[in-house]
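Below: the structure, in structure tokens.
The values are calculated or read from the model by the stated rules, or taken from the named source; none is laboratory data. Note that the structure is predicted; figures quoted are calculated from it, not measured. Here the Cβ positions follow ideal geometry from the backbone for every residue, glycine too, while neighbour counts run over all protein chains shown. We work out accessible area using only protein heavy atoms, side chains counted, and drop any ligands, DNA or RNA first. Shrake-Rupley method; radii C 1.70, N 1.55, O 1.52, S 1.80 Å.
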Amino acid sequence: MTAAILIAAARELSTTLGKMRFAPPVTHVYNPLDYAWSVHERYLRRYGDGRKRVVFLGMNPGPFGMAQTGVPFGEVAAVRDWLQLEGLVAPPEQTNPKRPVEGFACARSEVSGRRLWGLFQERFGSADAFFAEHFVANYCPLAFFDEGRNLTPDKLPAAEQEPLLAACDAHLRALVAALAPEWVIGVGGWAEARALGALDGVRIGRILHPSPASPAANRGWSQVASRQLTELGVWVDG
């Protein structure tokens, strides 16, 4: 079963990354593949089986998304109500007081996740219809913080990035080998660049990242992303 391969690969990645240490300015590292594993495993088991034509690839967890739910772009309402996934999320041992892990009780909404899953819901209706040919993954499963500030992997020193990216590249190749997609679509330019560097034999493109930090994403993101996917030939209008 494809899902079993993905589960084993995620466990291996979590174990590998769990041994890594990061120096200041990083004050806290969250690994939702550890403390939110039960929900992540359900996500892989329910939606990761079988071949997928398109894999959407994000960067790393947002503090109010996957860091809370264990699901990529895991905005709480989308995961609970549309993906119909829920479960116990125990806070990590070293919790950032400025970024608490409250699991499905988190009242903050991750805008990126709300926009991404909202587009898929609008186009496909049900989660099962979307996942029949699509899958969503994050390149790196770790969230990094400088006190209350979110740090993305590209902001880490080169010496810390190198082993991190090597492990994430290996996991991405395992995921793509299992799902055998025609397309890998980076959600944003960094994810696209990582896919281009790690993968062969698959078509690679990108869509605009839905982050509210991007002015362009705040001007009709779903329409822009849909147009980009149509222009690539990933989606067909009508």
**Request:** Mind telling me which of 24, 91, 141 comes out most flexible in a GNM of the chain, alpha-carbon contacts under 10 Å?
**Result:** 24
**Item:** Within the stretch 80-144, trypsin sites (Lys or Arg not before Pro) in DSSP loop having at most 15 other beta-carbon neighbours inside 10 Å
**Value:** 98, 108
**Prompt:** In nanometres, what is the gap between the two model label sites at residue 38 and residue 230, each 7 Å from Cα along Cα-to-Cβ?
**Reply:** 4.3
**Request:** Could you state the angle between the C-alpha long axis of helix 2-18 and the longest principal axis of the C-alpha atoms of the chain, as a value from 0 to 90 degrees rounded to the nearest 10?
**Result:** 30
**Request:** Could you size up the charge dipole of the stretch 1-90 around its Cα centre, putting +1 on the beta carbon of Lys and Arg and -1 on that of Asp and Glu, and report it in debye to the nearest 20?
**Result:** 280
**Item:** Gain upon complete extension [residue 80, residue 22; 0.36 nm per residue less C-alpha separation]
**Value:** 17.7 nm
**FRET efficiency for residue 107 and residue 150, using Cβ-Cβ distance with R0 set to 25 Å, rounded to 0.05** = 0.90
**Asked** Each residue of the stretch 117-130 in turn: what ³J(HN,Hα) in whole Hz from Karplus with 6.51, -1.76, 1.60 and θ = phi - 60°, glycine and Pro shown as x?
**Response** 5, x, 4, 5, 5, 5, 7, 10, x, 9, 4, 4, 5, 5
**Request:** Using only the alpha carbons of the stretch 1-90, determine the length spanned along each of the three principal axes and report them from longest to shortest in whole angstroms.
**Result:** 40, 28, 24
**Message:** Need the C-alpha centroid separation for the stretch 177-238 versus the stretch 72-129, integer Å.
**Reply:** 20
**Prompt:** Across the chain, how large is the tail of the calculated P(r) beyond 22 Å, expressed as a percent of all Cα pairs?
**Reply:** 49
**Asked** Taking the simple approach of a point 7 Å from Cα along Cα-to-Cβ for both residue 98 and residue 203, what is their distance in nm?
**Response** 4.4
**Prompt:** Mind checking the dipole of the chain: about its Cα centre, +1 per Lys or Arg Cβ, -1 per Asp or Glu Cβ, Debye to the nearest 20?
**Reply:** 180
**Request:** Using +1 at the Cβ of each Lys and Arg and -1 at the Cβ of each Asp and Glu in the chain, identify which of 186, 104, 207 lies farthest towards the dipole's positive end.
**Result:** 207
**Asked** If you roll a 1.4 Å probe over the chain with all protein chains in place, what percent of the accessible area is carbon or sulfur?
**Response** 51
**Message:** Antiparallel versus total DSSP beta bridges in the chain: what percent is that, nearest 5?
**Reply:** 30
**R0 of 41 Å, Cβ-Cβ distance residue 122-residue 90: FRET efficiency to nearest 0.05** = 0.80
